[in-house]
Amino acid sequence: MTSLRRTLPLRYAPLAGEALDSGLEFLAARMNCRFEEVLRALCLPSKDPVLTHAIQPRWTVLTTAEEIASIAAVSGVGDDVLAGMTLQRFDGHAMVIHAGHRRVESQLLWGRSGSRFCPACLTESAGRWQLIWRLGWSFACTRHQMLLADHCPNCGRIPRLRALPRREIPRPGLCGSSAPGPRGGPRCHHPLAETPVTGLQPDGDALRTQLLIDELLAAPHERVHWPLYGPDGAPLRVVLNDARCLGGLVLNHAVPGNLAGSAEPEVLERLEHFRLRHLPAGVQDARAARRCDEHSYYAPEDAAATAVALTMTMRILTAPSVSAAARAAQWLTDRVAASGRALHPGAVGLLGGGLSPGLHAALRCSREAKVMPVARLRHRTAVASTRCPSNQDARARMLPTALWPAWSLRLAPWHASGKPVARRIDELLAVACLLVGNTTSIRATICLTGTTVSSHNVSSLLAALTRRPDCADVLHALVLLADHLDQHGSPIDYARRRALFTTRSCFIDPAEWRDLQRRLRSNHLPDAAHAQRWIFHTLTGSPPRLAHPAVAAATPSQRGQYLRFRWRILPAEVDLLLHAARAILDEHGIDEPVQWTPRLDAAALSTLRLPGPDPDSISAAELHRAVPGGDFSIARLAHTLNTTTAHAIYLLSQHPVDWSPPRFRHTQYTAARIGQWRTWYEDDHYSLQDIADLEGTTLATVRLALLKYGFPLRSAVPQPGRPSRRTPLARRPATWLPGLDEV
């Protein structure tokens, strides 16, 4: 049937970017026939079937495949060219079409009816209209560097808002709206090429913004790869929806001072006239008026308003990072808040429906300086995260009750007097780490970590951190630590250990501990209480005050003695305690390391301003060289290492040093060798003198050591002719300890 249709006597190729109705009207004008005759020749209905009155369907909005095939067969224009002359290619990307009524939805993506126009383009093309002028995102002609005209200067109506009467001959370039006066009167027919317009600077922000938008509209199906939208980018619909929301906020809340420099003075003046027309009745001061949300959904009727709104919007959306976008948007969210609207970071999503994660994060971060530190942790504004707060209670199983010593050293601020700014600061920091990105209340997070601090203590510490310049990035570090745990997890289930061991009253055999101390120390501790506390603390990450009453340090004096015990502990004692802790875990079938500390990339922390020193800035070898033999002052050691006392205490607790005097180092060496001496003496029948010669020590040392450890000695049997002291046996290699040659 299509092949038998008569073709038109005249054919005119459509211009690049021309709208379909413009091409059909131009064709009718050239053939000097009524518009309905062209429609009949194209086998198109002259009446919209879904409407009761006789107007042609909105061809430029939506054209069916059958209609396109019919037009192509009669006009000789290709199907793909005709499809590109309708708004269908922008449907779902730059606007939304109601297919049943062939209508653009005005409340979605700044959809609008009618068309703007460039008078210069109409002059050059003999009155032919560009398709892109119908979009709410077009406000300027980049070729002629001017704002598009919004309405006819004679009748004041928006061009192409209604269909051309089908019984008239089209007159391209002239206004087709009804002339002012009684309804049903003649057409306006004002030459639109004579419409006055506002020029734009070639290198101005407004013109650059239109060029950027035109680039996006040229490929509506491609994703937009701007930094705000991450490495995967975002669909054009998402980007333009963000622009619609921000543009509405600019038009509703910005004052002239905020917009200075965004466009030419004439454009800003037109914007203010436009906004004054939309004030409530009786209100004349635009700054004092509390604006409604009219501009949040509908496309601005004035091209100048669109130009300014999109120019300010693109400064935010094209920022090089979420943080930069937050800084660019801060003035806008401040203006919204100044209007009396509550703008907590959690409420920024209410500023516009369906904000992208990147823009949502930027708006949250723009409120960072105006919200409490707890909210900064919850919304992760320190790292400009695109992740909204959620339930992160599972992180509590990865956290000890008191934050790991290495992290507490790095993040805990201290007074000039040498005291921490808050008591139990390591427990407060653990609660703060659980608050990161979490919607759970402070009281609930305290319960989850097993501590007994108060909500007020947590809030006070976070407030103190934000006031101190040396703690500017502590919240940032806490967010990085929380993210590391969420991503990589923890090899230790601290919640399980707290449940298992908090009620346990004994962790090591006191007799075994006292026996070790008797061999290692000249004045060993009278009981094994500190050893019990050490194992509980190491296994659970909880301070001893939370242990079973038989283990917990009840008095301040006991707590102070335990802290001293942790950094004055000897290496052999640590080995015994770790062995006991390992045995306890094996007893419960727990295949986990005894202790663990999360490690982050050093580069991620190197640029942050943190109050404490880097725990790894001093090696164990440097520490061991600096510790003198015998008793020593921790303050003097810190001075020698050029670090803080807290850092020196941390190093000694992590890398125990044998600080015993030379005499007791010899005693410890003897304790280590006594097993070999017994073998030589009882199994190999060496004499005491032989053993002394092999070890390079005295006969009295060997005799006293064997007697001390309860080994019976043989009776001396003199042998005739044997000298009282014979030549020593060949020396066998023996383990050497520092200080042995000093005895």
| task | Filter the stretch 672-687 for residues that are surrounded by 13 or more Cβ atoms within 10 Å (Cβ to Cβ) and in a loop (DSSP other than H, G, I, E, B) and give the result. | result | Y686, S687
| field | Verdict on L403 being within 17 Å of D483 (Cβ to Cβ), part of a loop (DSSP other than H, G, I, E, B), open to solvent by less than 20 Å² (accessible area, probe 1.4 Å) and not polar (S, T, N, Q) | value | yes
| task | Please list, ordered by first then second residue, the pairs with beta carbon atoms under 9 Å, 6 or more apart or interchain, first in the stretch 589-614 and over 21 Å from A430 (Cβ atoms), second assigned to a loop (DSSP other than H, G, I, E, B) and open to solvent by 60 Å² or more (accessible area, probe 1.4 Å). | result | A602/D614; S606/D614
| Tell me, which residue of the stretch 302-330 that is more than 26 Å from M372 (Cα to Cα) and charged (D, E, K, R) is most open to solvent (accessible area, probe 1.4 Å)? | R315
| Would a scan of the stretch 331-340 turn up a residue that is at pLDDT below 85 and either in contact with a Phe, Trp or Tyr (Cβ under 9 Å, 6 or more places away or on another chain) or open to solvent by 30 Å² or more (accessible area, probe 1.4 Å) (or both)? | yes
| In this structure, does T64 turn out to be modelled with pLDDT of 85 or more, of a type in the set (S, T, Y) and buried (at least 17 other Cβ atoms within 10 Å of the Cβ)? | no
| field | Extreme residue, least open to solvent (accessible area, probe 1.4 Å), among residues of the stretch 157-182 that are in contact with a helix residue (DSSP H, G or I) (Cβ under 9 Å, 6 or more places away or on another chain) and small (G, A, S) | value | G173
| message | Out of the residues in the stretch 221-232 meeting the condition of being open to solvent by 10 Å² or more (accessible area, probe 1.4 Å) and not aromatic (F, W, Y), tell me which one is farthest from T386 (Cα to Cα). | response | H221
| query | Can you find even one residue in the stretch 523-534 that is over 25 Å from the mean Cα position of the chain (by Cα), at pLDDT 95 or above and open to solvent by 40 Å² or more (accessible area, probe 1.4 Å)? | reply | no
| query | Quick one: which of L605, L600 is under 23 Å from D486 (Cβ atoms) and outside any loop (DSSP other than H, G, I, E, B)? | reply | L605
| field | Among the residues listed as L236, L200, the single one being under 22 Å from G353 (Cβ atoms) and either in contact with a helix residue (DSSP H, G or I) (Cβ under 9 Å, 6 or more places away or on another chain) or open to solvent by 30 Å² or more (accessible area, probe 1.4 Å) (or both) | value | L236
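Can you tell me which residues in the stretch 441-458 are open to solvent by less than 40 Å² (accessible area, probe 1.4 Å), closer than 15 Å to V421 by Cβ and in a helix (DSSP H, G or I)?
V458
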| remark: In the stretch 615-660, anything touching a residue at least 40 places away in the same chain (Cβ under 8 Å) and in contact with an Asp or Glu (Cβ under 8 Å, 6 or more places away or on another chain) is listed as P656, W659
| request: Output yes when any residue across the stretch 91-105 is assigned to a loop (DSSP other than H, G, I, E, B), in contact with a Phe, Trp or Tyr (Cβ under 8 Å, 6 or more places away or on another chain) and open to solvent by 30 Å² or more (accessible area, probe 1.4 Å), and no when none is. | output: no
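The values are calculated or read from the model by the stated rules, or taken from the named source; none is laboratory data. Everything numeric in this text was worked out from a predicted model, so none of it was measured. Cβ atoms come from the backbone with ideal geometry, glycine included; neighbour counts cover every protein chain shown. Heavy atoms of the whole protein, side chains included, go into the accessibility calculation; ligands, DNA and RNA do not. Shrake-Rupley method; radii C 1.70, N 1.55, O 1.52, S 1.80 Å.
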